[in-house]
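The values are calculated or read from the model by the stated rules, or taken from the named source; none is laboratory data. Please read these numbers as outputs of a predicted model, since none were measured by experiment. As a convention, Cβ positions derive from the backbone with ideal geometry for all residues, glycine included, and neighbour counts pool all protein chains shown. All accessible areas refer to the heavy atoms of the entire protein, side chains included, with ligands and DNA or RNA removed. Shrake-Rupley method; radii C 1.70, N 1.55, O 1.52, S 1.80 Å.
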Amino acid sequence: MSRIGNKVIDLPKDVTVTVDQTNHVVTVKGPKGELNRRVSPKITITQNDNEVKFERSNDNDRAIHGTTRANVNNMVVGVTAGFQKDLELVGVGYRAQKKGTTLVLNVGYSNPVEMTVPEGLNVEVPSNTQIQISGIDKQEVGQFAAVVRDVRPPEPYKGKGIKYADEQIRRKEGKTGK
């Protein structure tokens, strides 16, 4: 039995959810914007007043049952509160800056790395070594944060690189001089 899929999503007063059963598309509108997602036809979505319920046709669809409910819940949270990822640059001379819709990273390569910010995301650089990525779609925010981190992932010996703000780097001991 899917425990996540059986939970009911309580909608805030300023959020509307519309379900297109023929195309299997869920649309969530809120104060921050609108999100659309295609869902599995194996899951039946019903809406009553301020509640959204998810039901599956048979027991073989347990995994997609919970996943569908979690995705729709993330859409509701995104259009009301939004999502944010914080990144930190650690290293001598490592810095970031934003030029229009481009994020410029100086992270120890011979040339700066320029990245175009995707549509619908907001990137802010409060200081030279901090990057804040925010938006209403959890998947897009996390994906762009992962792409930025992959420019220079943190290394385990000195800890230099781009890391998430809440990430703990497992440090290794270097060679001894014997």
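Calculate, in nm to one decimal, what ASN111 and SER57 gain on full extension: separation in residues at 0.36 nm each, minus their alpha carbon distance. Display every interim value, and only then the final one.
Working: separation 54, 0.36 × 54 = 19.44 nm, distance 5.52 nm.
Taking 0.36 nm per residue and subtracting the Cα distance, the gain is 13.9 nm.
Keeping all protein chains in place, calculate the accessible area per residue for the chain (probe 1.4 angstrom), answer in Å².
Numbers: 11100 Å² over 178 residues.
I get 62 Å² per residue for the chain.
The chain: longest stretch without exposed GluC sites (Glu not before Pro) (DSSP loop, at most 13 other Cβ within 10 Å), sites themselves excluded?
Details: sites that count: GLU119, GLU167, GLU173.
Longest site-free region, per DSSP loop and neighbour criteria: 1-118.
Along the charge dipole of the chain, pointing to its positive end and built from +1/-1 on Cβ of Lys, Arg, Asp and Glu, which listed residue (GLY100, GLN139, GLN168) has its Cα farthest out?
Positive-most Cα among the choices belongs to GLN168.
For an R0 of 35 angstrom, estimate the FRET efficiency from the Cβ-Cβ distance between GLU119 and ASP166 and round to the nearest 0.05. Can you show the working numbers first?
Values: r = 27 Å, r/R0 = 0.77.
Result of the calculation: an efficiency of 0.85.
Can you tally the net charge around PRO112? Count Lys and Arg as +1, Asp and Glu as -1, for every other residue whose Cβ sits under 14 Å from the Cβ of PRO112. Before the final figure, lay out each step's value.
Numbers: positive: ARG95, LYS98, LYS99, ARG152; negative: GLU114.
Surrounding charge for PRO112 is +3.
So, R0 is 35 Å and r is the distance between the beta-carbons of GLN97 and GLN143; what FRET efficiency does that work out to, to 0.05? Walk me through the intermediate numbers first.
Numbers: r = 22 Å, r/R0 = 0.62.
The computed FRET efficiency comes out at 0.95.
Helix-only mean residue ellipticity at 222 nm, the chain, DSSP H runs n ≥ 4 weighted -39,500 (n - 2.57), per residue, nearest 500. What is it?
Details: 3 runs with 35 residues, N = 178.
Taken over the chain, the calculation gives -6000 deg cm²/dmol.
Would you mind checking the tilt of helix 138-149 against the longest principal axis of the Cα atoms of the chain, expressed as 0 to 90 degrees and rounded to 10?
10 degrees
Averaging over all projection directions, find the projected area of the Cα convex hull of the stretch 83-164 and quote it in nm² with one decimal place. The partial results should precede the final answer.
Working: hull surface 20.1 nm².
Averaged projected hull area, Cα only: 5.0 nm².
Quick check: at a probe of 1.4 Å, how many percent of the accessible area of the stretch 9-81 sits on carbon and sulfur atoms?
Carbon and sulfur: 43 percent of the exposed surface of the stretch 9-81.
Structure shown: which of LYS99/LYS138; LYS13/LYS53; LYS138/LYS158; LYS32/LYS163; LYS53/LYS85; LYS85/LYS172 lie over 20 Å apart, alpha-carbon to alpha-carbon?
Working: LYS99/LYS138 24 Å; LYS13/LYS53 17 Å; LYS138/LYS158 31 Å; LYS32/LYS163 28 Å; LYS53/LYS85 29 Å; LYS85/LYS172 26 Å.
Going by Cα-Cα distance, LYS99/LYS138; LYS138/LYS158; LYS32/LYS163; LYS53/LYS85; LYS85/LYS172 fall outside the 20 Å limit.
Label the stretch 78-119 by shape, choosing from rounded, prolate and oblate, from the square roots a ≥ b ≥ c of the eigenvalues of the Cα gyration tensor; if a/c is under 1.5 it is rounded, and otherwise prolate applies when a/b is larger than b/c, oblate when it is not.
Numbers: a/c = 3.75, a/b = 1.76, b/c = 2.14.
Oblate is the answer for the stretch 78-119, as a/c is 1.5 or above yet b/c matches or exceeds a/b.
Of the listed values [x] 67, 44, 25; [y] 48, 35, 26; [z] 63, 34, 27, identify the label whose number matches Cα extents along the principal axes in Å calculated from this model.
Answer label, from the structure shown: [x].
Can you tell me the length gained on complete extension of the stretch ARG3 to HIS24, counting 0.36 nm per residue apart and subtracting the Cα distance?
5.3 nm
If you average the C-alpha positions of the stretch 66-90 and of the stretch 103-178 separately, how far apart do those two centres end up, in angstrom?
If you average the Cα positions of each part, the centres end up 19 Å apart.
Scan around ILE43 for amide H atoms under 5 Å from its own, H built in the peptide plane at 1.01 Å from N, and keep only partners 5 or more places away or cross-chain.
none
Residues of the stretch 6-22 with the amide nitrogen closer than 16 Å to a label point 7 Å from the Cα of LYS42, along Cα-to-Cβ, please.
6
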